[in-house]
Each structure stands twice: as C-alpha cells, then as structure tokens.
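Everything on this sheet refers to the single structure shown next.
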Amino acid sequence: MSVEPKIGVIALQGAFAEHRAALEALGAHASEIRGPEGLAGVDGVVLPGGESTTMSLLLETSGLGDALAERLADRVPAFGTCAGLILLAGEVADGRPDQRSFGVLDVSVLRNGYGRQRDSFEADLSIPAVGADPFPGVFIRAPRITRVGGEVEVLASVGGDPVLVRQGPLLAAAFHPELSGDLRLHQLFLERV
C-alpha cells in the first residue's frame, strides 16, 4: 500500500486552487500554505502562477519567505509555474530591487518576457517526458527563460526559448499547466516527490 504524498501549495496569490485540484485528482494530499507552520511535514511544494512582485511581498509579510527558503535549501521537491518560476530563478534580469528570488534554479528570466496581458497565448508543446501527445501550454504574461545553467535540463521550448526546465528536485514552467486541464506535468512532479 503506497502513502499519498503531502504537497503544500503556496496560497498567497495566484492560481493555487487549480494546482490543489490537479494534485488531488492525482491522489496527492494537497494543502494550501499561507504561513510558515504549513510547510511542516510536506513532501513537496508548488509555487503557483500569479504576479511575482506581489507574491514576493506576501511571502515576506506572511513570514513564509524564510521558511520556504530553508525548505528549498534542504532540496524539497518544488514545482514553480509562471511567477513560481521567477521565484525559483537564480537571476531575475528585470526584477524590482525589493523583489525576492530564492535563487535555487540555475536560470535567468525576464518577467513578462513574452509581453503584457494582451500578448498572452497558447501553444501545443512537445514534452517527451510526459508522452507523445502535445501538451497545451497556456502563457499569460509569461516569463522568458534567457539562460540555463549546465545542470538544468530543458524539457520543452517555444521558438527556441526554454519554457519547461528541470534541475534536481525542481521543475519549473513559464506557462500555467494548472489551467490546461492536462494533469501530466503534475504527475511528473509527483513522480519526483
């Protein structure tokens, strides 16, 4: 008998409810994390899409920022989508001076690298790690990955730009898989947990 993994979904802002629903549909126990005490005992963490500067501020005011930094330093598996990718990134080229990045994923990103809200788009992605069928990528004010380090594996690209990457226990997407109705990337994350 297998034990269902306990996944904490950072629930300060953004598409956290959709991530929780996707994880629960796959049999994981998902909880919404709003303070540092919520990180105790979780086997993995999801950093959802939203607005990265707002999320950075809320991580600090909630007291969750330092606790999450400790868990990430301890190599807890994490899945960052859109703003979550920005929070995991080693470098945010156009970030605000007061914007926090945990610096655990060896990539450089540009916030809103694909344009503003009106430039949002969808693209069928080829992701061999989850099967032959295209994955529906939903890009909303998406960050653009401009550099990947040597330890980073690129799992999918759009127009030559990486949009899905993996490094050790970290999985990060420039798009919103939680809005696609396709559970394969959440399943891929759970397999790493």
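The table for this structure:
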| quantity | calculated |
| --- | --- |
| Selected from A25, F79, A142, residue furthest toward positive end of dipole (the chain; charges at beta carbon) | A142 |
| Relative packing of peptides 148-160, 166-178 - highest average C-beta neighbours within 10 Å first | 166-178, 148-160 |
| Over segment 1-60, equivalent-ellipsoid semi-axes from the Cα gyration tensor in Å | 22, 13, 7 |
| Interchain or long-range residues, amide H under 5 Å from T146's placed H | S108, V109, L110 |
| Helix-only [θ]222 nm of the chain, DSSP H runs n ≥ 4, -39500 (n - 2.57) each, per residue, nearest 500 | -6500 deg cm²/dmol |
| Projected-area average for the chain over all orientations - Cα convex hull basis, square nanometres | 10.2 |
| Accessible carbon and sulfur surface of the chain relative to its total accessible area, %, 1.4 Å | 48 |
| Net charge dipole size for segment 1-61 [Lys, Arg +1 and Asp, Glu -1 on Cβ; Debye, nearest 20] | 40 |
| By average C-beta atoms within 10 angstrom, highest first, the peptides 81-92, 105-116 | 81-92, 105-116 |
| For the chain: accessible area per residue (Å², 1.4 Å) | 44 |
| Packing-based ranking, highest mean first, of 9-15, 26-32 given that Cβ atoms within 10 Å are counted | 9-15, 26-32 |
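The values are calculated or read from the model by the stated rules, or taken from the named source; none is laboratory data. For clarity, every value in this text was computed on a predicted model and none was experimentally measured. Virtual Cβ from ideal backbone geometry, glycine too; neighbours counted across all protein chains shown. In case anyone asks, the SASA skips ligands and DNA or RNA and just uses the protein heavy atoms, side chains included. Shrake-Rupley method; radii C 1.70, N 1.55, O 1.52, S 1.80 Å.
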